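What follows is one structure encoded as structure tokens, with my remarks underneath.
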Amino acid sequence: MLGSERGVVEEWLSEFKALPETQISSYAATLHRKKPLVPALYKVIQDPNNELLEPVCHQLFELYRSSEVRLKRFTLQFLPELIWVYLRLTASRDRQSNGCIEALLLGIYNLEIADKDGNNKVLSFTIPSLSKPSIYHEPSTIGSMALTEGALCQHDLIRVVYSDLHPQRETFTAQNRFEVLSFLMLCYNSAIVYMPASSYQSLCRMGSRLCVSGFPRQHEKCWKEHCGRVVLDPDFLVQLLTGVYYAIYNGQWDLGQEVLEDIIYRAQLELYSQPLLVRN
């Protein structure tokens with residue numbers, strides 16, 4: 001890591017700590033202008049032995065739990081890289097270097113599964129009523145014209161739950177690891193439209209490395225990063241595919257097509273029906 005990059009990260013660490021509550025909103029609005037910061041933070045995250053990793057993870061968590069949504073999105077852009085480093089270190093059984101990243105991932109997960117009152121959230125969406133016009137259709141004839149606007153809005157509404165209650169987690173285990181990571185990818189995908197191109201590239205790199213590391217296909221890749229085979233989960237691959245499809249059609253065609261082939265390669269080897277169905 002270059003001295004200039006280290007200086008950028010250290011300045012960012014000290015700057016936020018000294019920030020009064022009244023200036024957080026204006027700080028969030030100008031954070032994207034710090035162009036050298038994001039590449040420097042990626043370098044810190046990619047090096048588990050970097051002494052700045054722990055304070056960086058701590059500050060990313062502080063940003064995420066703030067009330068300012070732009071600060072949450074700033075942290076969220078690094079989620080693919082954090083997941084890749086975490087799983088790579090887990091596969092190599094290097095738990096000591098993994099502690100702060102593990103704590104950050106669990107912290108984000110525990111914040112997302114509960115509302116501001118501490119109650120568990122049920123994630124759902126409502127299918128719009130056909131009684132209301134849209135760019136796709138004219139409303140069907142309603143029996144009584146005496147229906148109020150409020151009644152029309154509630155007519156034929158269907159609530160669909162897409163993520164049920166999730167328990168709080170204090171640590172990762174082999175049993176809950178991909179329950180947590182799949183949920184985190186769901187959170188990432190829900191905000192993917194706000195992510196910068198560097199995050200899409202990180203998502204694609206993460207997908208390729210996770211899917212082919214430890215398999216013969218790894219030798220066809222130009223990257224030479226050594227990593228053992230990483231155990232994966234079909235639900236996680238489905239969430240990964242969701243993000244990759246968005247990246248493909250938003251400026252990352254070549255990288256996206258490559259990771260798409262790698263995901264299918266891994267899904268076929270593991271006989272994972274869900275990602276294969278999504279792909280087809």
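The values are calculated or read from the model by the stated rules, or taken from the named source; none is laboratory data. Worth saying up front: this structure is predicted, and the values here are computed from it rather than measured. We place every Cβ from the backbone using ideal geometry, glycine too, and count neighbours over all the protein chains shown.
Could you check, for the stretch 98-114, whether at least one of its residues is under 20 Å from residue 230 (Cα atoms), crowded, with 19+ Cβ neighbours inside 10 Å and of a type in the set (S, T, N, Q)? Yes. If the condition is being surrounded by fewer than 23 Cβ atoms within 10 Å (Cβ to Cβ) and within 9 Å of residue 84 (Cβ to Cβ), then the stretch 195-205 contributes only 205. Screening the candidates 14, 25 for the property of being in contact (Cβ under 8 Å) with a residue 24 or more places away in the chain and among the small types (Gly, Ala, Ser) yields one hit, 25. Please specify each residue of the stretch 230-271 satisfying the condition of being touching a Leu at 6+ places or on another chain (Cβ under 6 Å) and free of Cβ contacts under 8 Å to residues at least 40 places away in the same chain. Listed by number, the list holds a single entry, 267. Within the stretch 208-217, not a single residue is basic (Lys, Arg), in contact with a Gly (Cβ under 8 Å, 6 or more places away or on another chain) and at pLDDT below 90.
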